[in-house]
1. Applying the selection to the stretch A:18-30, what residues are assigned to a strand (DSSP E or B) and surrounded by fewer than 17 Cβ atoms within 10 Å (Cβ to Cβ)?
2. Identify all residues within the stretch B:254-283 that are touching a residue at least 60 places away in the same chain (Cβ under 8 Å) and farther than 16 Å from residue B:6 by Cβ; write none if there are none.
3. Which residue, of A:76, A:89, A:112, is of a type in the set (A, V, I, L, M, F, W, C), free of Cβ contacts under 8 Å to residues at least 60 places away in the same chain and out of contact with any Pro (no Cβ under 7 Å at 6 or more places or on another chain)?
4. What is the one condition in (1) away from chain A (no Cβ under 14 Å); (2) of a type outside the set (Phe, Trp, Tyr); (3) crowded, with 18+ Cβ neighbours inside 10 Å; (4) within 24 Å of the chain's Cα centre (by Cα) that residue B:173 does not satisfy?
5. Going residue by residue through the stretch B:87-103, is there one that turns out to be aliphatic (A, V, I, L, M) and crowded, with 23+ Cβ neighbours inside 10 Å?
6. Residue check, residue B:286 against (1) modelled with pLDDT of 85 or more; (2) loosely packed, with under 15 Cβ neighbours inside 10 Å; (3) outside any helix (DSSP H, G or I), all met but one. Which one?
7. When the residues of the stretch B:258-279 are filtered to those that are aromatic (Phe, Trp, Tyr) and within 19 Å of the chain's Cα centre (by Cα), which remaining residue is modelled with the lowest pLDDT?
8. Residue under question is residue B:49, and the condition is that it be crowded, with 18+ Cβ neighbours inside 10 Å, assigned to a helix (DSSP H, G or I) and β-branched (Val, Ile, Thr); does it hold?
Amino acid sequence: MSGLTVKDLVVDHGAITALNGISFTVEPGQLAAVIGSNGAGKTTLLRTLSGLKQASGGSAQWIGENILGKKPENLVRHGISHVSEGKSVIPELTVAENLALGGIWRKDKKDVAAVTKEVLELFPRLGERLSQRADTLSGGERQMLAVGRALISRPKLILLDEPSLGLAPLVIEQIFHTIDQLRHKLGLTIVLVEQNAMSALRIADIGIIINLGKIVATGTATELINNPALHAAYLGY
Amino acid sequence: MQQAINALLIGISNGFIYSLMALALVLVWRSTRVINFAQAGQAILSTYIAYEIVTRTDNFILAFIGGVIAGALVGAVVEILLMRTLFKHVSDGPVAALAPVIASLGLLGLIRSIIGMVWGNDQKPFFPPVSTNGFTFGSTTIPFSRMNLLIVLGAATVMIIFTLIFQKSNLGLALRAAAFQPEIARLAGVRVGAIRTIGWVFAGTAGAVAGILISPNDAITPYSLDSLLIFGFVAAVIGGLESLTGAVVGGLTLGIGLSFILTYIGTSLIFPATFVVLALVLLIRPQGLFGSKAARNA
């Protein structure tokens, strides 16, 4: 059975077509990097897959089940977690409360406690700041908190929107390293949206390059990295 | 000195009532971004239901419980039937911000008319459960009565329960998350729609408690809580509109401030003084005492 299957997806922003017939497949356990410039439709893609935005056409399935038209609060109960753009934490709440929020709907409180412990082992910095408000954290720490909160719902599929946005190069390297570690350790399927094309492709299995709402190239990450035609146009060097 | 203490005690008693009304307005504002003028109607309807129970059973505790439950239910009904429908039809633009406020004004009128049809527009005496005569110490009698004490204890109990729910429970965490960042709350799995209704239920409860506690000092009419709405709104704005702590502090500040003006200057200045306080707060600290600038800009 396949993992995430998106077929002929069309999404409109009012009169503008943001996504115009997008099709791709991500196998379970794969990391797919979605690359493209500002306004290409990357964020719209993730927002549609997580239920924040309505599609106008096409289909999307996760392990054989339709996910379009479902609410985000229900999709997270089916193992799909979206870490939205711009450090998806609630600044007014403490670090501990932001983490608790990730497990708020779960009945298995023992497992919530266990996974919270794992997250704090993965990101010890968060453990030192549990009672601080999230808006006192650095950009990198907030991103860790956003990913940590998502992990507490024990997701199978993570939709990750520009985790590198606004972070220093060294912190970006750490974040990508952590994402790579996580998916191998937890067997996660990840759709990673990035402008930081090379860093994303280096840890990805497959790459999907979109421009103006259409897919312009797909392939294994290695193929894309080694395709000179794509470099100047989309990969930024 | 004695006069100042009296002013302070009465101010605290009134201030707690203003705080409850402010809490009701802030809870609705936080959960759905609506300034709910109908809150005065919801509260007076709950008070009439308490009045009906107390005249039939002569049991204030039963009336209080019945009135508060009615307040909670009315809050839920207004959110589910009126607000949800409204938000479904107008979700964008300036109309979306204005429509619910106008609708709440209309609802206020509607609730008052329904009360008028059921109970009449004339004054109904709401007999106090405990004495409204001031406590006597030796030969001096102070204006602060057993009823005032009941108001302070009742309001404080509600606030402590609210604080515990908001700070210590998962429901409170969901309510706060949905108020601050509804989208992120949804992505974390919070059913924001249901949580909004619960915000209105809590607001309805707070308003009902305010109405039922303040009315035994006086007679009730369909309009008798209108001025409380204004005091509650001013208190909420003083507190920053976003903050529950701010609502309580704003209510107490206003209550005590007005009580001193009443004692030392005169009754006629109550309303002008209320708005002078509001204007000063907005001029000096537009975000309120407990609000953040960012929240006000949002």
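The values are calculated or read from the model by the stated rules, or taken from the named source; none is laboratory data. Owing to the predicted nature of the structure, the values given are computational and were not obtained by experimental measurement. In this analysis, Cβ positions are derived from the backbone assuming ideal geometry, glycine residues included, and neighbour counts consider all displayed protein chains.
1. Residues satisfying the conditions are A:21, A:23, A:25.
2. Across the stretch B:254-283, the qualifying residue is only B:254.
3. A:112
4. (1)
5. No, every residue in the stretch B:87-103 fails to be aliphatic (A, V, I, L, M) and crowded, with 23+ Cβ neighbours inside 10 Å.
6. Result: residue B:286 passes all but (1).
7. B:271
8. yes
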